[in-house]
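The values are calculated or read from the model by the stated rules, or taken from the named source; none is laboratory data. Given the structure is predicted, the values throughout are model-derived calculations rather than measurements. When we count neighbours, we look across all protein chains shown, and the Cβ atoms used for this are built from the backbone with ideal geometry, even at glycine. For the accessible areas, the whole protein counts, side chains as well, though only heavy atoms, and no ligand, DNA or RNA atoms are used. Shrake-Rupley method; radii C 1.70, N 1.55, O 1.52, S 1.80 Å.
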Amino acid sequence: MAQIWHVLGAGSLGGLWSARLFRVGVPLRIILRNPARLADYQAAGGLGLIENGQPYVYPVPAELPEATTLIERLLVACKAYDAEAAIAEVAPRLVKGSEILLLQNGLGSQQAIAARWPDSRCVFISSTEGAYRQDGFQIVHAGQGQNWLGEPAHRSPPSWLADLDAAGIPYTWTDGIMVKLWRKLAINCAINPLSVLHDCRNGDLLAHPEQLHRLCNELVELLQACDQGDAADGLEAEVLRVIEATANNYSSMHQDVRSGRRTEVSFLLGQACRTARHHGLQVPELCGLLEQLQAFLHQRGLPTD
Ligand code: NAP
């Protein structure tokens, strides 16, 4: 019998994955944080997904963390700062050799989780798909993209990739998952904090070429210091390309701050600065940017980590 997927964090990306798996018959359960969320979900009649303007509702079965069924495959789609604590709530249900699929942006949370649950196979995912939540459990599929999946230990592709094929979830299994995650982190470090501090759309950052140049130089040094030379190749040119391609958009960090939501800064720019310190590398531009960003978040009553 096909193994059941459990999805922890049925928000934007978790909901998008769940709806697509459920509608092609992949056995799946979502785990909601508490009885109040479960009651809201049941009242909503399931997960709503809006795709190409068309609304659908999928009655994906849901349960609480303390349910007693065993978990063989867990897709974790919480924010990076919630992921480890959320897994801890269901950890007694994980079977030996279970698989934990980690959809978090940035770096740091994945390594902490892999170290804490060494008996599980942790697959890291870097996603460029776009989704956001409207009221309740209504998810809008906002942008096509790709999911890169892989393990730092470079194992062979798992058989459940067939479920992603069936569900039409775009993916590539890669040996270079750390390169993908570091590259995305570096691009984020160059663009997102500046977009918050200048309160601007991505395209407006082209007015600050020297600062972008200094940040990219430090990011390249950092990537090289941690053996991620492939992620450093052509970084500045790609940062400029991303800025131009997304010129009219507000970055995800800017959107978080504007909506009064906690950011994932600790797993992005914070992680870059911690890693530099670990390697004894001086990165004054990145550290200065982190300090300014944290002061800005503090002033607005938002967590600085
Ligand atoms: P999100 O919409 O905020 O969803 C996170 C979900 O996690 C929420 O539904 C939240 O529940 C749930 N959660 C948190 N703690 C939990 C717990 N202890 N037990 C059960 N559920 C818990 O976040 P997202 O946008 O999907 O982002 C998830 C990750 O994907 C982030 O690292 C993000 O950077 C990355 N990512 C997102 C996108 C995107 O387009 N959204 C694209 C690429 C990467 P409540 O609803 O109860 O708060």
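Computed from backbone phi with θ = phi - 60° and the Karplus coefficients 6.51, -1.76 and 1.60, the 3J(HN,Hα) list for segment 99-110 is 10, 10, 9, 10, 9, 6, 7, x, 9, x, 5, 4 Hz; x is used for glycine and proline. Relative to the longest principal axis of the Cα atoms of the chain, the long axis of helix 235-245 makes an angle of roughly 70 degrees.
Quick one: if you stick a label point 7 Å off each Cα along the C-beta vector at residue 298 and residue 36, how many nm between them? Result: 3.1 nm between the two label points. With protein chains left intact and a 1.4 Å probe, residues in the chain average 45 Å² of accessible area per residue. The coefficient of translational diffusion for segment 179-299, derived via Stokes-Einstein from the alpha carbon Kirkwood radius under 10 °C and 1.306 mPa s, stands at 112 µm²/s.
A full extension of the chain between residue 51 and residue 165 corresponds to an added length of 39.2 nm, given 0.36 nm per residue minus the alpha carbon distance.
Using only side-chain charges placed at the Cβ, +1 for Lys and Arg and -1 for Asp and Glu, the dipole size of segment 5-175 relative to its Cα centre rounds to 100 debye. Please give the net charge around residue 173, taking every other residue with its beta carbon less than 12 angstrom from that of residue 173, where Lys and Arg add +1 and Asp and Glu add -1. Once all neighbours under 12 Å are counted, the net charge is -1. With angles folded into 0 to 90 degrees, how steeply does helix 80-90 sit against the dominant principal axis of the chain? Use alpha carbons for both and round to 10. In the chain, helix 80-90 runs at an angle near 30 degrees to the longest axis. Counting only the Cα atoms, segment 39-138 fills a convex hull of 116 Å³ per residue.
Taking the DSSP bridge list for segment 30-185 and keeping only pairs wholly inside it, about 45 percent are antiparallel. Take every DSSP beta bridge whose two residues both sit in the chain; close to 35 percent of them are antiparallel.
Pick out, from 213, 34, 275, the residue whose Cα sits farthest towards the positive end of the charge dipole of the chain, with +1 on the Cβ of Lys and Arg and -1 on the Cβ of Asp and Glu. Positive-most Cα among the choices belongs to 34. Of the heavy-atom accessible surface of the chain (probe 1.4 angstrom), what whole percent is carbon and sulfur? Reported share for carbon and sulfur atoms: 49 percent.
What the Kirkwood sum gives for the chain is a hydrodynamic radius of 20.2 Å, with every pair of different alpha carbons counted. Sorted into 5 angstrom bins from 0, the C-alpha pair distances of segment 5-175 split as 1, 8, 18, 23, 22, 16, 8, 2, 0 percent.
Label-to-label distance for residue 198 and residue 244 is 1.6 nm, based on points extended 7 Å past Cα in the beta-carbon direction. Residue 10: net charge of surrounding residues, Cβ under 12 Å, Lys/Arg +1, Asp/Glu -1, itself excluded? Once positives and negatives cancel, what remains is +2.
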